[in-house]
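What follows is a short report on a single structure.
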Amino acid sequence: MQSMNKDKTPYKILQVLKDGQFHSGEALGYTLEMTRSAIWKGVKQLTSHYHLEIESISGRGYRIKGGLNLLDKNEIARNTPAPLREQLQISLLDQVESTNDYLLDDVRSETRCGLPYHIAIAEQQTQGRGRRGHQWHSPYGHNIYFSLAWCCNKDPIEMSGLSLAAAVAVIRTLKQLGVEGLGVKWPNDIYYHNQKLAGVLIDLVGESYGRTTAIIGIGINTYLSEKAASVIDQPWTSLHDILGQFIDRNYIIALLCQHVIAMINQFNQDHLEPFIDEWNQHDCFKGKKVILTNGTQHIHGTMQGISKKGELLLEDEHATIKKYSSGELSMRESK
Ligand code: BTN
């Protein structure tokens, strides 16, 4: 993992440029007690290594348009109720391959600190993972890249449905932020009017004595510039586009944490059942004719919701309902 060292020039420059205002090379040099050439090199590093979009206009200086709302552990703690705060270990990472992989390494190295929940959040992921081997585009300083490790006395098989319950926790978080018109595409893709807003990726590590650690990874788009979004190969949206304003990412993380942990406590007792109605209410394809693609196999059917284990229920042309546990769902073109 690489990280922006707090004593280093790029980090110091970022602390000034995050306000979204223009700062001349001279003023930056004066404030940070550096030469203009050191400032220039630092800015170059921010653009080349962290892919930050920094405007440079002669006579005015450097600016990060719109500014940056950086992650801050104290702010997350301030927005988290005390009893929960005391159960949380927070790893705030600057640049990491993937927050899920970071927690997977932590679980495997058995260096856990003993608190019930360990969350990893990052400013940037260099190899963010989406479902089914897709890449999750994760530019610096925007969006939510969140993973939570939950270690429980369950067999991995008992975890089926967890990702659907996690999608419900994300929907609850987004609704509390004021977003209406949300939908879920089986099993756990979160859409806003057919544009992808958030996603869930769960990794399971089976341990001895029937214990399992689930790494619940959640990505939420908070802001994507046109340039950053140009590499995304599907319709997308962000909280900024929907709500027309920036919401403090630290507040979003604190809220997400509360909803994910409340979901875990309920799932631990009752599995997916308490979440099924809410999942079905948000089903993007409810009652629609769909195609489930599994490799070269294409299964046609009508969407009939989910089973107690989170399997997809499809009604075939003989009115028989069949269960499926994997595949990529898409809408059937109407003729
Ligand atoms: C999807 O919809 O394909 C799932 C996206 C999950 C992305 C999150 S971001 C935090 C965590 N770390 C990862 O590498 N992936 C998940």
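Taking the criterion of being more than 9 Å from the ligand (Cβ to nearest atom) and either free of Cβ contacts under 8 Å to residues at least 40 places away in the same chain or among the basic types (K, R) (or both), the residues of the range 100-121 that qualify are D105, R108, S109, E110, T111, R112, C113, G114, L115, P116, H118. If you go through the range 31-47 one residue at a time, how many are surrounded by 19 or more Cβ atoms within 10 Å (Cβ to Cβ) and within 24 Å of the chain's Cα centre (by Cα)? The number of residues fulfilling the criteria is 1.
Mind listing just one residue for me: the one in the range 315-335 that is touching a residue at least 60 places away in the same chain (Cβ under 8 Å) and under 11 Å from T293 (Cα atoms) and, of those, surrounded by the most Cβ atoms within 10 Å (Cβ to Cβ)? Break it down stepwise before answering.
From the range 315-335, those touching a residue at least 60 places away in the same chain (Cβ under 8 Å) are 325, 328-329; that's our starting set.
Next, from what is left, pick out any that are under 11 Å from T293 (Cα atoms): 328-329.
Details: E328: 13, L329: 20.
This residue is L329.
Only one entry of S163, S109 meets the criterion of being over 11 Å from the mean Cα position of the chain (by Cα) and modelled with pLDDT under 95, and that entry is S109.
Among the criteria (1) at pLDDT 95 or above; (2) at positive phi; (3) within 9 Å of the ligand (Cβ to nearest atom); (4) not acidic (D, E), the one G178 does not fulfil is (3).
If you take just the helices (runs of 4 or more DSSP H) that sit entirely in the range 235-312, which of them hold at least 3 residues that are in contact (Cβ under 8 Å) with a residue 12 or more places away in the chain and closer than 24 Å to Y324 by Cβ?
276-281
Across the range 141-151, the number of residues qualifying as more than 12 Å from the ligand (Cβ to nearest atom) and either surrounded by fewer than 18 Cβ atoms within 10 Å (Cβ to Cβ) or of a type in the set (F, W, Y) (or both) comes to 2. Under the condition of being in contact (Cβ under 8 Å) with a residue 40 or more places away in the chain and farther than 28 Å from S160 by Cα, the residues counted in the range 185-228 number 6. With within 14 Å of the ligand (Cβ to nearest atom), touching a residue at least 60 places away in the same chain (Cβ under 8 Å) and either touching a Ser or Thr at 6+ places or on another chain (Cβ under 8 Å) or of a type in the set (V, I, T) (or both) as the only criterion, which of S138, S163 stands out? The unique qualifying residue is S138. Taking the numbered list (1) at positive phi; (2) assigned to a loop (DSSP other than H, G, I, E, B); (3) small (G, A, S) in turn, S326 passes all entries but (1).
Can you say whether K335 is of a type in the set (K, R) and modelled with pLDDT under 95, as far as the supplied structure shows? Spelling it out, K335 is indeed of a type in the set (K, R) and modelled with pLDDT under 95. From the list Y50, Y102, Y62, the one residue that fits, being surrounded by 17 or more Cβ atoms within 10 Å (Cβ to Cβ), under 23 Å from I264 (Cβ atoms) and among the hydroxyl-bearing types (S, T, Y), is Y102.
Report whether or not I242 is within 16 Å of the ligand (Cβ to nearest atom) and buried (at least 20 other Cβ atoms within 10 Å of the Cβ). Walk me through it before giving the result.
Working: within 16 Å of the ligand (Cβ to nearest atom): no; buried (at least 20 other Cβ atoms within 10 Å of the Cβ): yes.
So I242 fails the test.
Being in a strand (DSSP E or B) and either basic (K, R) or under 23 Å from L104 (Cα atoms) (or both) is the requirement here; does I190 meet it?
Details: in a strand (DSSP E or B): yes; either basic (K, R) or under 23 Å from L104 (Cα atoms) (or both): no.
No; evaluated as a whole, the condition is false for this residue.
Does the range 70-80 contain any residue that is within 16 Å of the ligand (Cβ to nearest atom) and either in a helix (DSSP H, G or I) or exposed (fewer than 13 other Cβ atoms within 10 Å of the Cβ) (or both)? Scanning the range 70-80 turns up at least one residue that is within 16 Å of the ligand (Cβ to nearest atom) and either in a helix (DSSP H, G or I) or exposed (fewer than 13 other Cβ atoms within 10 Å of the Cβ) (or both). In the set (1) modelled with pLDDT under 95; (2) within 15 Å of the ligand (Cβ to nearest atom); (3) touching a His at 6+ places or on another chain (Cβ under 7 Å), Q89 fails one condition alone, (2). For the criterion of being closer than 14 Å to G219 by Cα, more than 9 Å from the ligand (Cβ to nearest atom) and either within 19 Å of the chain's Cα centre (by Cα) or not in a loop (DSSP other than H, G, I, E, B) (or both), Q124 passes.
Which one of Y50, Y30, Y102 is outside any helix (DSSP H, G or I) and aromatic (F, W, Y)? Show your work before the answer.
Working: Y30 fails: outside any helix (DSSP H, G or I); Y102 fails: outside any helix (DSSP H, G or I).
Among Y50, Y30, Y102, only Y50 is outside any helix (DSSP H, G or I) and aromatic (F, W, Y).
When you go through V205, V184, V200 one by one, which is the residue that is assigned to a strand (DSSP E or B) and touching a Cys at 6+ places or on another chain (Cβ under 8 Å)?
Numbers: V205 fails: touching a Cys at 6+ places or on another chain (Cβ under 8 Å); V200 fails: touching a Cys at 6+ places or on another chain (Cβ under 8 Å).
Just a single option satisfies the conditions, and that option is V184.
The values are calculated or read from the model by the stated rules, or taken from the named source; none is laboratory data. Source: prediction; values computed, not measured. Here the Cβ is made from the backbone with ideal geometry for all residues, glycine too, and neighbour counts use every protein chain on show.
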